[in-house]
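Heads up, the thing below is written out as structure tokens.
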Amino acid sequence: MIKPDAVANGYAGGIISKIIEAGFRISAMKLTALSPERASQFYAVHKARPFYNDLVKYMSSGPIIAAILEKENAVNDFRKLIGDTDPFKAAPGTIRNLYAKSIDANAIHGSDSDANADIEANFFFSVTERF
Ligand code: CMP
């Protein structure tokens, strides 16, 4: 998911180029937005964390781009491509190093396991929206 700050700042094209250049196949993609209720649901796993309310507020502040990406070893390779959650710790050349502003406004989200990738893909896309 490309987050609201990156969409608003015009970074979506640059981010999608990096994803394609890294060898991911895009099997679904859409510009959409999360209501506060949907953002709470998406990040429910973080409900107990101190940053949860700010995260939900931020993630529902503007349009996002949701996508399903396919590749061998996709979860790990994507996490390498996007870099550390904290953009100030993200390695040079990673998407968060290039495009993120802060730990909340960190440009992009990637699933942390194959199981969560499935859950998150189903959250955004019906079967007929996948190619
Ligand atoms: P993301 O990969 O979307 O998953 C949860 C998000 O919570 C994370 O990226 C950050 O944008 C946000 N977040 C804010 N503060 C923290 C924190 N201290 N640790 C981890 N994630 C945080």
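The values are calculated or read from the model by the stated rules, or taken from the named source; none is laboratory data. Because the structure is predicted, anything quoted here is derived from the model rather than measured. Glycine also receives a Cβ, built like all others from the backbone with ideal geometry; neighbour counts cover every protein chain displayed.
Tabulated data for the structure shown
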{"read-out": "Number of positions in region 19-57 that are closer than 13 Å to H109 by Cα, part of a helix (DSSP H, G or I) and either within 11 Å of the ligand (Cβ to nearest atom) or hydroxyl-bearing (S, T, Y) (or both)", "value": "3"}
{"read-out": "Hey, N9 closer than 30 Å to V127 by Cα, at pLDDT 95 or above and polar (S, T, N, Q) or not", "value": "no"}
{"read-out": "Condition check for G14: within 19 Å of D77 (Cα to Cα), more than 13 Å from the ligand (Cβ to nearest atom), in a helix (DSSP H, G or I) and at pLDDT 95 or above", "value": "yes"}
{"read-out": "Condition met for G62 (in a loop (DSSP other than H, G, I, E, B) and either within 13 Å of the chain's Cα centre (by Cα) or not polar (S, T, N, Q) (or both))", "value": "yes"}
{"read-out": "Where a residue in region 75-93 is modelled with pLDDT of 95 or more and basic (K, R) and its partner, wherever it lies, is in a loop (DSSP other than H, G, I, E, B) and more than 14 Å from the ligand (Cβ to nearest atom), with Cβ under 9 Å and at least six apart", "value": "K80/A22; K80/A91"}
{"read-out": "Residue within region 109-131 that is under 19 Å from D5 (Cα atoms) and of a type in the set (A, V, I, L, M) present", "value": "no"}
